[in-house]
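The values are calculated or read from the model by the stated rules, or taken from the named source; none is laboratory data. Values in this document were obtained by computation on a predicted structure and should not be read as measured data. Cβ coordinates were reconstructed from backbone atoms using ideal geometry, including for glycine residues, and neighbour counts include every protein chain displayed. Please note that ligands, DNA and RNA were not included when accessible areas were found on the heavy atoms of the full protein model with its side chains. Shrake-Rupley method; radii C 1.70, N 1.55, O 1.52, S 1.80 Å.
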Amino acid sequence: MNRASVFVIVPCYNEERTVGAVLESLLSFGYTVVAVDDGSTDNSWKVTCTLPVHALRHPINLGQGAALQTGMSYALREGAALVVHFDADGQHAAEQIGDLVAPILSGEADVVLGSRFLRKSDSELVPFVRALVLKAGIVINGLLTGMWLHDTHNGFRALSARAARAIRLRESGFAHATEILAELRGARLRVVECPVTVRYTEYALSKGQPMRNAVNIVVDLCLRKLFR
Amino acid sequence: MTVIQPILTLLVVGAVIAYFVWLRSRLADRLIVLVVAAAAIVLVGNPDLATLLAHSVGVGRGVDVIIYLTLFGYGFLGMLLISKVRGLEARLAELAQALALATASKPGEGSVRSDAR
């Protein structure tokens, strides 16, 4: 695998504490890194600009889905063979990208979704309340998209260029994770899941508000259904 | 509660959802607002019409029909506004994304991009 043809998209909003280390870890593996700053008001953009990455910046905060779409449009324009979605808060591990893209490289799949619940050692790391909310999300996603997966709203995923070109994210907020599934299903792409480890650091946990996010996601999805 | 009330409620909710999901157009939005405004003027000028209308659909008082219609009107306008705001948000997002793509910088262009912000 030519790692430079793998474009890792890192959406970033006010992650000055972690974004530098995350981008450096990706660069150390030889991937092409596309950092999309989503209108950060802290020093995230300054940190990003000091590193040898492809850097894009939204003039205003639009949400993670919009940042991913911007990154994918850019990566496709630059000739990416594969794109990987990767969080900027340090939850994902760059060394697992190889496992994530393997099914695409072997021709087995068009899209690989990272899952926290395929291995016991990974699922044990998920805090109890978060696991409950995620399980509820799995049911809601299944009902809305017809795709019954082991994990949803996991931001670690890989897409072939063909798959990235076939989908278009319009949902700016967190509901984009469900939108991606609906788009993948609509485009009849082959989807597989791959076990990944999500590191719940103190920092990541301090930022995450699973209940509030869950309510926001459900409201966004209802609005999306109603106002397409 | 009379039998007709839940049926009417379901019909109105179904009609609103169907409208926003499948039937919405700019012309239809304007026509509905005009029809609601015209109905309001007619009912203000002819209160007995409201009572007649109320009796014809099984509701006791004309004022109740007006309250129901008002609630429906507010609900419709609320959804219309949400729809318009979402449309504007989508267009704003497209604009911001186009700007980000137009000003993207590649590795090694650090001085250019830090100057540009």
- Message: For the stretch B:47-100, take every pair of Cα atoms, bin their distances at 10 Å starting from 0, and report each bin as a whole percent.
- Response: 23, 25, 18, 15, 12, 7, 0
- For the pair A and B, how large is the buried accessible area, both sides, in square angstrom to the nearest 100, if the probe is 1.4 Å? 2200 Å²
- Query: What is the antiparallel percent of DSSP beta bridges lying wholly in the stretch A:3-226, to the nearest 5?
  - Reply: 25 percent
- Item | Shielded residues, the stretch A:64-84 - accessible-area loss of 10 Å² or more between chain alone and all protein chains, probe 1.4 Å | A:Ala66, A:Thr70, A:Ser73, A:Tyr74, A:Arg77, A:Glu78
- Message: If you split all Cα-Cα distances of chain B into 10 Å bins from zero, what percentages do you get per bin, shortest first?
- Response: 11, 28, 23, 12, 10, 8, 6, 2
- Task: Can you run the Rg to Rh ratio on the stretch A:1-73? Use alpha carbon positions and the Kirkwood inverse-distance Rh.
- Result: 0.95
- Using the beta-carbon distance between A:Arg199 and B:Arg86 and R0 = 51 Å, what value does 1/(1 + (r/R0)^6) give for FRET efficiency, to the nearest 0.05? 0.90
- What aspartates and glutamates sit close enough to B:Lys84 to cross-link, taking a C-alpha to C-alpha distance under 14 Å and skipping anything fewer than 8 places away on the same chain? B:Asp29
- Query: Out of the stretch A:54-108, which GluC sites (Glu not before Pro) are coil in DSSP terms and have no more than 11 other C-beta atoms within 10 Å?
  - Reply: A:Glu108
- Report the full-extension gain for the segment A:Leu76 to A:Lys46: residue separation times 0.36 nm, less the Cα-Cα distance, to one decimal in nm. 8.3 nm
- Item | For the stretch B:47-100: relative contact order, % (alpha-carbon pairs under 8 angstrom, 6 or more apart) | 20 percent
- If you average the sequence gap of Cα pairs under 8 Å that are 6 or more apart and divide by the length of chain A, what percent do you get for the contact order? 22 percent
- Message: Just want to confirm a number: the relative contact order over chain B, from Cα pairs under 8 angstrom separated by 6+ residues, in percent.
- Response: 15 percent
- Of the heavy-atom accessible surface of the protein assembly as shown (probe 1.4 angstrom), what whole percent is carbon and sulfur? 63 percent
- Note on the structure: Rounded to the nearest whole number, the per residue volume of the convex hull around the C-alpha atoms of chain A in Å³ is 116 Å³
- Item | With eigenvalues of the C-alpha gyration tensor scaled by 5 and rooted, the stretch A:73-178, Å | 24, 17, 14
- Accessible area in square angstrom per residue, chain B, 1.4 angstrom probe: 69 Å²
- Message: With a 1.4 Å probe and all protein chains left in place, how much accessible area per residue does chain A have, in Å²?
- Response: 42 Å²
